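Q: Shown below is the structure under consideration.
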Amino acid sequence: MSVFTLEMKLLTAIVLEEYATGVKKELLRLGVLDFVEVGKLTKDQHLKLREGSEHADERALDLLHQIESLYRQIHTPLPQLTQEDVQEGEALDIPSSISFLSSINRSLLNLRENQKRNNQESLRYQEMMRYIKEKKLEYLDFHVGVLDKAKVETLSNRLNNNASVLIPIEEKDTYLLCTFARDRSAIESHLEVISFKEEVSLLSINKMIELTHHTLNTIIEEKNNENTHIINSISETIKEKRGELEILYKEVRLYLLLGEITSHFSHTRNTTIFSGWVPSNTSELVEKQIQKVTKGKCVIEFGSSEVMNRREVPVAIENSPILAPFQKIVNNYSTLEYGSINPTIFVTISYLAMFGLMFADAGQGAVLLLLGLYGLYKEKRGMKEGSLLTFSLLRLMMYLGASSIVFGAIFGSYFGLPLLPPIWFDYHSAVFSHGGGSTRDVYSILGITIYFGIIIIYLGLIINWINLLKKKEYLAFIFSKNGIIGAFLFSIGIYIGRAFVLSNYQTFPNNPIIMYGIAFAVLLLFFRVPVEHYVAKREGKEVHHGNILLDSFMEWIVILLEIFSGYLANTLSFMRVAGLGIAHVALMSAFSDIADLTGSVIGKILIFVAGNALVIALEGLSAGIQSLRLNYYEFFTKFFVGDGKQYNPLSLQSKTGE
């Protein structure tokens, strides 16, 4: 794994038009070229370029969306393009494809209309059932009376447009009708037309409710069964065409991806010109394959990224899949500057260490680990589009669980209990100041986290120095807040603070060398603006023509405030690591005390389980958030320049139709 971002090369190629299609397919198969706009050629070349199509065929996009919709209805993952599909893929026949999908949609139309009608009826019956259950009878009308059997079908037909329940009762030709009160005028009109003779005394209101409730249950169940049958019929209809749909989906995807590549091509009458960025470790392969497809009839040049503005060069990162969750943490912050150090490995170590110090319990860590493993197992079985974020979170949960197990063993905590002797010291005893060992109290725990924070800050500074030297920004390396002078003042501050603590918070070190060192560093910072002005003028850059002395003084005040207040705040911020660790111990101790107050074993077990579950949910989330915050605000701010451009090559995995 490379510590720095991958070196990039700018490929520019000219191929004969007759080989353009083959080159497109090969570039798509390789999936490593991040296309850029072809620069305008100089006038003396007398070439007129015509640009490729900017937009994919809207009909193809519509086909893609229709197929995706059909796959969603049968809860099946979309087929994936393979390299063989690129080589063997047939040309997309759009009219035939539209006709094929139209035939499927026509066969589904009646089923969907039946489903819609069935759902609407089911909702009306469910509304009626809700009023009965909630005793809101003012929203319902009940009619009991005599009706000639010959007219029952006529009444049912008339009531088709209204939600109603017609129930025959034991007496001859006697029926109970339940309808909505809002339909009263229409219902009464229907009843009058068919000569429905109401006899309310035949049934009590409770009996009416009982009969209606029973009948509604039966009707709703029938509607649900009917809906399930319709859904299954839709699914079976689609599955019958699944083989053809898979072939068509791949053809459409290939058509759109090749169209996307075409949009980046420029053409003369006989040639095709394209340009894009490739990682230097794949440049030879790309050149070789283009040469092979064109039978050597091409011109290929590679430009160096060194002569380009760093912001224009895409940033590619080589990472182990094991570190993928932590790479996402870096990417979520911003895109790295090209040529800088990739901090993923350092984030992995710092994040796990921070979380472990805040959530040091081997038992609870094992629960997190098992939950992550179980979640991954379930996700892989039901893998669907858009699951990558879930996978990353579950894998991160596993890593955090493992970290908690390690630190829990170091501090001797297992579900809040000292079941095994600690490897280093007993955290619980240290918090409550009744244990032995070299670390005995809360202040010592705070000290550990302060030292940990100092290490993280220095690591960020070292990364920053390497990046600045690599960019040859020597002035920033010396004069910036995170440069050599800033780090020197930070180091003196650490020395003074440590001496103050060792003196039992009584005196500061009385060493004249320290005072001279601070004065010298502060004085050097005053000359930052004049030096930068001089260097810029010497290099022919545009300079600010203001009052140099005033600018120097203002910049000097600002940077001194940033250094003295910023480094102090950054260092003390790591005390939250100790704070959450101590809070974790205190919470577990509180639940233990509550459990001891109960008089039964079952009560103790329930409180023990509930307490651990609550701590895992709340403390685990808090520790994860605080670890993220410390990395972003105390570590990344020391070196991260987030103005990079993400490497985005066109490949078989690229999204289409957006």
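Q: Mind counting the residues in the stretch 76-103 that are in contact (Cβ under 8 Å) with a residue 12 or more places away in the chain and over 16 Å from E251 (Cβ atoms)?
A: Total meeting the criteria: 2.
Q: Follow-up question, since we're still on this one. Please determine whether any residue of the stretch 500-510 is assigned by TED's automatic domain parsing to the domain that holds I457, of a type in the set (G, A, S) and at pLDDT 90 or above.
A: Start the filter on the stretch 500-510 by keeping residues that are assigned by TED's automatic domain parsing to the domain that holds I457, which leaves 500-510.
Those left that are additionally of a type in the set (G, A, S): 503.
Remaining after also requiring at pLDDT 90 or above: none.
No, that holds for no residue.
Q: With A617, A623 as the choices, which residue is part of a helix (DSSP H, G or I), small (G, A, S) and farther than 16 Å from V347 by Cβ? Reasoning before the result, please.
A: Numbers: A623 fails: farther than 16 Å from V347 by Cβ.
One residue alone meets the criteria, A617.
Q: Does L561 satisfy being closer than 30 Å to F490 by Cβ, surrounded by fewer than 17 Cβ atoms within 10 Å (Cβ to Cβ) and either touching a strand residue (DSSP E or B) at 6+ places or on another chain (Cβ under 7 Å) or not hydroxyl-bearing (S, T, Y) (or both)? Working first, answer last.
A: Details: closer than 30 Å to F490 by Cβ: yes; surrounded by fewer than 17 Cβ atoms within 10 Å (Cβ to Cβ): yes; either touching a strand residue (DSSP E or B) at 6+ places or on another chain (Cβ under 7 Å) or not hydroxyl-bearing (S, T, Y) (or both): yes.
Taking the combined requirement at face value, the residue satisfies it.
Q: Check K172, K223 and return the single one that is at negative phi and part of a helix (DSSP H, G or I).
A: On the way: K172 fails: part of a helix (DSSP H, G or I).
Of K172, K223, the one residue that is at negative phi and part of a helix (DSSP H, G or I) is K223.
Q: Given the condition exposed (fewer than 15 other Cβ atoms within 10 Å of the Cβ) and of a type in the set (D, E, K, R), answer yes or no: does some residue in the stretch 615-622 qualify? Show your work before the answer.
A: First, pick out the residues of the stretch 615-622 that are exposed (fewer than 15 other Cβ atoms within 10 Å of the Cβ): 617-618, 621.
Applying the additional criterion that residues be of a type in the set (D, E, K, R) yields none.
No: the stretch 615-622 contains no residue that is exposed (fewer than 15 other Cβ atoms within 10 Å of the Cβ) and of a type in the set (D, E, K, R).
Q: Just to be sure, is A569 touching a Pro at 6+ places or on another chain (Cβ under 8 Å) and within 30 Å of S627 (Cα to Cα)? Before you say what the answer is, go through the steps one by one.
A: Details: touching a Pro at 6+ places or on another chain (Cβ under 8 Å): no; within 30 Å of S627 (Cα to Cα): yes.
Answer is no for this residue.
Q: Shifting gears a bit: Please determine, by comparing only the residues of the stretch 372-392 that are crowded, with 16+ Cβ neighbours inside 10 Å and of a type in the set (A, V, I, L, M, F, W, C), which one is modelled with the highest pLDDT.
A: In this case the residue turns out to be L376.
Q: When N504 is evaluated against the numbered criteria (1) polar (S, T, N, Q); (2) on the phi > 0 side of the Ramachandran plot; (3) touching a residue at least 60 places away in the same chain (Cβ under 8 Å), which criterion, by number, is the only one it fails?
A: That leaves (3) as the condition not met.
Q: Further, regarding this structure: Of all residues in the stretch 77-110, count the ones that are loosely packed, with under 11 Cβ neighbours inside 10 Å, of a type in the set (A, V, I, L, M, F, W, C) and farther than 21 Å from E240 by Cα.
A: Counting residues in the stretch 77-110 that are loosely packed, with under 11 Cβ neighbours inside 10 Å, of a type in the set (A, V, I, L, M, F, W, C) and farther than 21 Å from E240 by Cα gives 1.
Q: Here's something else I'd like to know. Could you grab me the full set of residues in the stretch 202-238 that are touching a residue at least 24 places away in the same chain (Cβ under 8 Å), surrounded by fewer than 15 Cβ atoms within 10 Å (Cβ to Cβ) and more than 55 Å from the chain's Cα centre (by Cα)?
A: I205
Quick grid of which residues meet (1) charged (D, E, K, R); (2) at negative phi; (3) not assigned by TED's automatic domain parsing to the domain that holds S429:
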residue	(1), (2), (3)
E555	yes, yes, no
T571	no, yes, no
A586	no, yes, no
V615	no, yes, no
P649	no, yes, yes
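Q: Can you name the number of the only condition in (1) within 36 Å of the chain's Cα centre (by Cα); (2) of a type in the set (V, I, T); (3) in the same structural domain as T154 (by TED's automatic domain parsing) that I247 fails?
A: Here I247 clears every test but (3).
Q: Same structure again: Could you pull out the residue among I341, I329, I345 that is more than 28 Å from G447 (Cα to Cα), of a type outside the set (D, E, K, R) and in contact (Cβ under 8 Å) with a residue 60 or more places away in the chain? I'd like the intermediate steps shown before the answer.
A: Numbers: I329 fails: more than 28 Å from G447 (Cα to Cα); I345 fails: more than 28 Å from G447 (Cα to Cα).
None of the other options fit; the residue is I341.
Q: Further question: State whether the residues of the stretch 243-253 include one that is in a loop (DSSP other than H, G, I, E, B), surrounded by 16 or more Cβ atoms within 10 Å (Cβ to Cβ) and among the aromatic types (F, W, Y).
A: Step one: list which residues in the stretch 243-253 are in a loop (DSSP other than H, G, I, E, B), which gives none.
Checked against the condition, which is being in a loop (DSSP other than H, G, I, E, B), surrounded by 16 or more Cβ atoms within 10 Å (Cβ to Cβ) and among the aromatic types (F, W, Y), the stretch 243-253 yields no hits at all.
Q: So, one more: Looking at the stretch 264-284, can you tell me whether even one residue there is among the aliphatic types (A, V, I, L, M), assigned by TED's automatic domain parsing to the domain that holds V36 and either modelled with pLDDT under 90 or loosely packed, with under 14 Cβ neighbours inside 10 Å (or both)?
A: Looking only at the stretch 264-284, we keep the residues that are among the aliphatic types (A, V, I, L, M), and these are 273, 278.
Checking which are assigned by TED's automatic domain parsing to the domain that holds V36 leaves us with 273, 278.
Cutting the leftovers down to either modelled with pLDDT under 90 or loosely packed, with under 14 Cβ neighbours inside 10 Å (or both) gives us none.
Looking for residues that are among the aliphatic types (A, V, I, L, M), assigned by TED's automatic domain parsing to the domain that holds V36 and either modelled with pLDDT under 90 or loosely packed, with under 14 Cβ neighbours inside 10 Å (or both), one finds none in the stretch 264-284, hence no.
Q: Conditions: (1) surrounded by 12 or more Cβ atoms within 10 Å (Cβ to Cβ); (2) in contact (Cβ under 8 Å) with a residue 12 or more places away in the chain. R184 meets all but one. Number of the miss?
A: The one condition R184 does not meet is (1).
The values are calculated or read from the model by the stated rules, or taken from the named source; none is laboratory data. Small disclaimer: the values here were computed from a predicted structure and weren't measured. Please note: Cβ atoms are built from the backbone with ideal geometry, for glycine as well, and neighbour counts cover all protein chains shown.
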